[in-house]
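What follows is one structure encoded as structure tokens, with my remarks underneath.
The values are calculated or read from the model by the stated rules, or taken from the named source; none is laboratory data. Keep in mind the model is a prediction, meaning the values are calculated, not measured. No Cβ is skipped: glycine too gets one built from the backbone with ideal geometry, and neighbour counts run over all protein chains shown.
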Ligand code: DAH
């Protein structure tokens, strides 16, 4: 067989083999088999010694052309392999940003906030405006303007955190009554939800931090009947049909007359149960007609205007609503407790 045919066969063999090659090792093996020191084409080169001097240049040319051709074929295959490798790597490393990820556990509103929001919703629906005030409050607003002068016995009832002689952590939301009356003219219709502080030992029903919502209405001809009507509307809106209020006479320095207000127990609808200790009623707020002294101290003419005010304990209501047995649960931040209010 002539050299040309041998090389031709070699080329055919190579293109068949190259088709099948799909990794570097096999490609290298093929290169060694043809172009290596002991390779088939190298053998042809060695065999040139047996040719006559006239035949040698043409044969040399043939072999060199073949070497170039084969090298090019091998390189082409190598490039193709690299491209395939890259493509599979890209495929593998591809991140599907649309794939649904595990969601972090969702939080939920705190029971006190749930109750607060409902009330805010209810009162704003009746035309009240929400105002907020400082938790660190001047004695002047917290006590003096609420008609609780120094040495007044009512100061003892509210175990106060004093920051200094003139500054306290507000013991109730009532100072917002004074702040509002001093900066606005009647008609006034505001509610003020927020945190209040008293230096009580924490137990099942006491906490040094708790929540109140103050309400204040000042206008011409405001009467106790307006207070009653407003609180009854609130009771029914937030707790449902059949829930009403009971007013009991009481005393607060900033209201005259004053009343403590019970709501129909929502657990038994007034029949009497464990939650209401058999009475059918739950005490939830203090209220009354704004003391004319307070109106005057806050720059409002008490011969022209009158008003009512109320202060609702929010934690109490949330505990009753969700049958929470211990106030401390509300403040410990235990996720097992909080997760139940979704
Ligand atoms: N400030 C009172 C307290 O913290 C609650 C209260 C009673 C508020 C009667 C009022 C009110 O506005 O009229 O105990």
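Checking 288, 280, 270, 242 one by one, the residue that is under 21 Å from residue 180 (Cβ atoms) and under 39 Å from the mean Cα position of the chain (by Cα) is 288 and no other. So which residues in region 150-165 are in contact with a strand residue (DSSP E or B) (Cβ under 6 Å, 6 or more places away or on another chain) and touching a residue at least 24 places away in the same chain (Cβ under 8 Å), if there are any at all? Hits for region 150-165 are 160, 161. Taking the listed residues 313, 229, 278, 286, the one that is at positive phi and in the same structural domain as residue 181 (by TED's automatic domain parsing) is 278, with no other qualifying. On the given criteria, is residue 149 over 27 Å from residue 320 (Cα atoms), more than 33 Å from the chain's Cα centre (by Cα), assigned by TED's automatic domain parsing to the domain that holds residue 122 and at pLDDT 95 or above? Against the criterion (over 27 Å from residue 320 (Cα atoms), more than 33 Å from the chain's Cα centre (by Cα), assigned by TED's automatic domain parsing to the domain that holds residue 122 and at pLDDT 95 or above), residue 149 does not qualify. Among the residues making up region 174-222, a single one is closer than 23 Å to residue 326 by Cα, in a loop (DSSP other than H, G, I, E, B) and within 11 Å of the ligand (Cβ to nearest atom): 198.
In region 245-254, of all residues being within 40 Å of the chain's Cα centre (by Cα) and part of a strand (DSSP E or B), the one that is nearest to the ligand (Cβ to nearest atom) corresponds to 252.
Evaluated against (1) farther than 26 Å from residue 185 by Cβ; (2) touching a strand residue (DSSP E or B) at 6+ places or on another chain (Cβ under 7 Å); (3) assigned to a loop (DSSP other than H, G, I, E, B), residue 273 falls short on exactly one condition, (2).
Filtered by the rule that a residue be touching a residue at least 60 places away in the same chain (Cβ under 8 Å) and more than 15 Å from residue 190 (Cα to Cα), region 296-318 gives 297, 298, 299, 300, 304, 305, 313, 314, 315, 317, 318.
Among residues of region 130-149 that are on the phi > 0 side of the Ramachandran plot, those with a beta-carbon under 7 Å from a residue that is more than 13 Å from the ligand (Cβ to nearest atom) and at pLDDT 95 or above at least six positions away or on a different chain give the pairs 147/293.
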